[in-house]
Amino acid sequence: MPKIPAYAAPAAKKPLAPFTIDRREPGPHDVAIDILYCGVCHSDVHQARDEWGSGKFPMVPGHEIIGKVVQAGSQVTKFKAGDLAGVGCMVDSCRKCEPCRRGLEQFCEKGAAFTYNSTEMDRKTPTYGGYSTQVVVDESFTLKIPAGLDPAGAAPLLCAGITTYSPLRQFLVKKGDRVAVVGLGGLGHMAVKLAASMGAEVTLLSTSRSKEADARRLGATAFEITRDEATFTKLARKFDLILDTISAPHDYNKYLGMLRVQGTMVVVGVPPEPTPVAAFSLIGGNRRLAGSLIGGIRETQEMLDYCGKNGIVSDVEVIPVQKINEAYDRMLKSDVRYRFVIDTASLRK
Ligand code: NAP
Ligand code: ZN
Ligand code: ZN
């Protein structure tokens, strides 16, 4: 295959710049996908800046990929050339261990092959993400995109969508439940749309006063500012579920106080440093603190089909790849409404 144009972080904390990568020739079970759009997740920023450690450079980020199938291997049954296809955070796993068999490939005991900053299951070949024009992925890790969804808006479903859909399902959110979403960014705005679509009464907790009208338009019925300490007293013991999407350090104890008896706070945001949790924050009220990592392939397809039925996509700002460093800086200032998506036509020029 010819060299594929991409954008990469050459080293930790260095700006992203043009780069070229190889993709393998599609095998019998592979599909080759011409990438149309790739969403920009805050995890791309954390990893390109090596905030979680173990960064592999040069790094081509991007795990919210939508594109057109251009070639399907001889054994491929789910896709044919011309189909719209999606790739999320994983491209392979061992498929045999207990978590894999349960459809929780993200917890593969051998270590899943993540879409970038990882290796294929041979543990040698580096994986490169969606800030590129083409990707080759086994059909088992390739998702079908329901007809009728705008492809740019659907791209962020592959990470932001599944990461928020999965905990809403795990904790059985239903009509009338009181759900708080903390942080109105890429994950947060999907959480509001999805929780509202499930009939929950959604409160948005934000540091940005300017986002109130958007929060309500997206489906929240209440909006409060967390910079105001009175918010934590006003909302004490109110929520069945809190979905915490904050990407920066903050005090979990304050948020736990807003849970009802037996309520659950699910952490999906990944601040780079650990945070102390007081025992009393949990035992007062039999409260639970949980975490959730993306979602398995089966559940990701379920989420896409759900979004197809309910007409749910992300609110996006489409950018050329050349604006990626600016986009990262704007994400760090919470200045994104509500997901940047790269139009990969900008890589083909
Ligand atoms: P994002 O678009 O940048 O949104 C994060 C939001 O957090 C911001 O919009 C802001 O909302 C709020 N925030 C930022 N700094 C804050 C601070 N210092 N104090 C309080 N609130 C703050 O990021 P994202 O793409 O949604 O990702 C959010 C986090 O989830 C990241 O850490 C990412 O790595 C992680 N993530 C986890 C998974 C998983 O599987 N668990 C998957 C994807 C991403 P307001 O302006 O409303 O305050
Ligand atoms: Zn992500
Ligand atoms: Zn496995």
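Details
- Scan of the range 323-349 for residues that are assigned to a helix (DSSP H, G or I), more than 16 Å from ligand 2 (Cβ to nearest atom) and either among the acidic types (Asp, Glu) or in contact with a Pro (Cβ under 9 Å, 6 or more places away or on another chain) (or both), ordered by number: Asn325, Glu326, Asp329, Ala345, Ser346, Leu347, Arg348
- Test: residue in the range 304-326 that is farther than 16 Å from His42 by Cβ and small (Gly, Ala, Ser): yes
- Subset tally (residues that are part of a strand (DSSP E or B) and surrounded by fewer than 20 Cβ atoms within 10 Å (Cβ to Cβ)) for the range 4-20: 6
- Residue, least open to solvent (accessible area, probe 1.4 Å), within the range 103-155, restricted to residues that are of a type in the set (Asp, Glu) and out of contact with any Ser or Thr (no Cβ under 8 Å at 6 or more places or on another chain): Asp138
- Across the range 171-187, a minimum of one residue is classified as part of a helix (DSSP H, G or I), touching a residue at least 40 places away in the same chain (Cβ under 8 Å) and buried (at least 18 other Cβ atoms within 10 Å of the Cβ).
- Sole residue being basic (Lys, Arg), under 25 Å from Tyr7 (Cβ atoms) and assigned to a loop (DSSP other than H, G, I, E, B), chosen from Lys68, Lys124: Lys124
- Applying a threshold of 7 Å to beta carbon distances and a minimum spacing of six or more residues, or different chains, the list of pairs starting in the range 50-64 at a residue that is open to solvent by 50 Å² or more (accessible area, probe 1.4 Å) and ending at one that is in a loop (DSSP other than H, G, I, E, B) and within 13 Å of ligand 1 (Cβ to nearest atom) reads Glu51/Pro272; Trp52/Pro272; Lys56/Asn117.
- Exactly one residue among Thr77, Thr115, Thr119 is within 16 Å of ligand 2 (Cβ to nearest atom) and of a type outside the set (A, V, I, L, M, F, W, C), and that residue is Thr115.
- Residue in the range 207-214 that is closer than 19 Å to Met265 by Cβ, open to solvent by less than 30 Å² (accessible area, probe 1.4 Å) and either away from ligand 3 (no atom under 16 Å from the Cβ) or in contact with a Phe, Trp or Tyr (Cβ under 8 Å, 6 or more places away or on another chain) (or both) present: no
The values are calculated or read from the model by the stated rules, or taken from the named source; none is laboratory data. Nothing here was measured: the structure is a model prediction, and the numbers come from that model. Ideal geometry is used to build each Cβ from the backbone, glycine not excepted, and the neighbour counts take in all protein chains shown. Heavy atoms of the whole protein, side chains included, go into the accessibility calculation; ligands, DNA and RNA do not. Shrake-Rupley method; radii C 1.70, N 1.55, O 1.52, S 1.80 Å.
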